[in-house]
Amino acid sequence: MGKRTFYFVRHGKTEWNLARRMQGWGDSPLITEGIEGAIATGEALRDVDFAAVYSSPSKRTIDTTGYILRDRDLEVKTLDGLREMSFGIWEGELFVDILKNYGVEYEMMLENPAHYKAEVSKGETYHQVKERTKQAVEQILDEQPEGNILVVSHGMALRILIFVALEGADLQSHREETPHLLNTGITVVEYEDGEFRVMKANDISHLEGIAEGV
């Protein structure tokens with residue numbers, strides 16, 4: 001098994017991102033900024049020879065992947081493990097309404113990740129997201145013995161995966177100590193000899209002039 005280099009990308013900005021609605025396993029279309037951001041990401045990665053491409057099965061990630069790849073003839077494999085964190089009954093709701101109607105649990109989700117149980121929302125816990133995203137990466141490693149790998153997923157799922165599951169950040173404090181991943185930002189992680197190393201986190205230099213980032 002050789003070195004694997006992951007290029008993790010969060011999907012482009014969507015209608016629900018713009019409206020400040022909770023998305024999760026729910027979905028909404030990419031807006032113009034999201035499409036432009038995905039195309040710019042593809043240009044930034046145009047010289048990277050990808051051995052494989054993986055995406056969450058959500059339409060916004062599949063569409064983002066398509067704009068990144070453009071005319072490249074590469075198969076896109078979808079993995080359920082790369083889905084965004086599920087927020088249950090909160091999905092599609094405005095953040096301000098969630099805070100008003102479910103403030104105690106919503107604040108626990110943001111401020112107490114290690115002990116958040118999703119009892120009211122009926123969504124997922126951080127622990128569940130950590131385990132399933134880690135399993136997705138382990139599957140990718142089993143399927144891809146070497147090379148560059150593009151992975152298009154979601155903000156919270158990628159943050160938990162990259163910084164907690166792979167790099168070993170503390171789950172409880174990771175929201176204060178690790179970067180928030182912006183739409184169509186690129187995070188590069190190398191895997192070699194059983195170790196993951198974050199080489200570049202949340203690179204948005206390719207988005208200059210595009211009003212991306214939620």
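The values are calculated or read from the model by the stated rules, or taken from the named source; none is laboratory data. These numbers come from a predicted model, not from an experiment. Neighbour counts run over all protein chains shown; Cβ positions are idealised from the backbone, glycine included. Side chains are part of the model used for accessible areas, which takes the heavy atoms of the whole protein and leaves out ligands, DNA and RNA. Shrake-Rupley method; radii C 1.70, N 1.55, O 1.52, S 1.80 Å.
Looking across region 1-40, the residues that are open to solvent by 20 Å² or more (accessible area, probe 1.4 Å), among the β-branched types (Val, Ile, Thr) and in contact (Cβ under 8 Å) with a residue 24 or more places away in the chain come down to ILE35, ILE39. Out of curiosity, is LEU99 part of a helix (DSSP H, G or I) and either touching a residue at least 60 places away in the same chain (Cβ under 8 Å) or open to solvent by less than 10 Å² (accessible area, probe 1.4 Å) (or both)? Considered against the rule, which asks whether it is part of a helix (DSSP H, G or I) and either touching a residue at least 60 places away in the same chain (Cβ under 8 Å) or open to solvent by less than 10 Å² (accessible area, probe 1.4 Å) (or both), LEU99 comes out as no. Name the residue that is nearest to GLU138 (Cα to Cα), counting only residues in region 186-211 that are in contact with an Asp or Glu (Cβ under 7 Å, 6 or more places away or on another chain) and surrounded by fewer than 16 Cβ atoms within 10 Å (Cβ to Cβ). So the residue we want is ARG197.
The single residue among ILE204, ILE210, ILE140 that is out of contact with any Lys or Arg (no Cβ under 7 Å at 6 or more places or on another chain) and modelled with pLDDT under 95 turns out to be ILE210. Is there a residue being open to solvent by 40 Å² or more (accessible area, probe 1.4 Å), in a loop (DSSP other than H, G, I, E, B), aliphatic (A, V, I, L, M) and under 24 Å from TYR7 (Cβ atoms) anywhere in region 69-87? Scanning region 69-87 turns up at least one residue that is open to solvent by 40 Å² or more (accessible area, probe 1.4 Å), in a loop (DSSP other than H, G, I, E, B), aliphatic (A, V, I, L, M) and under 24 Å from TYR7 (Cβ atoms). Does ARG21 satisfy the criteria of being basic (Lys, Arg) and closer than 20 Å to ALA136 by Cβ? No.
For region 123-142: of the residues being touching a residue at least 40 places away in the same chain (Cβ under 8 Å) and open to solvent by 80 Å² or more (accessible area, probe 1.4 Å), which is farthest from GLU111 (Cα to Cα)? Out of the qualifying residues, it is GLN135.
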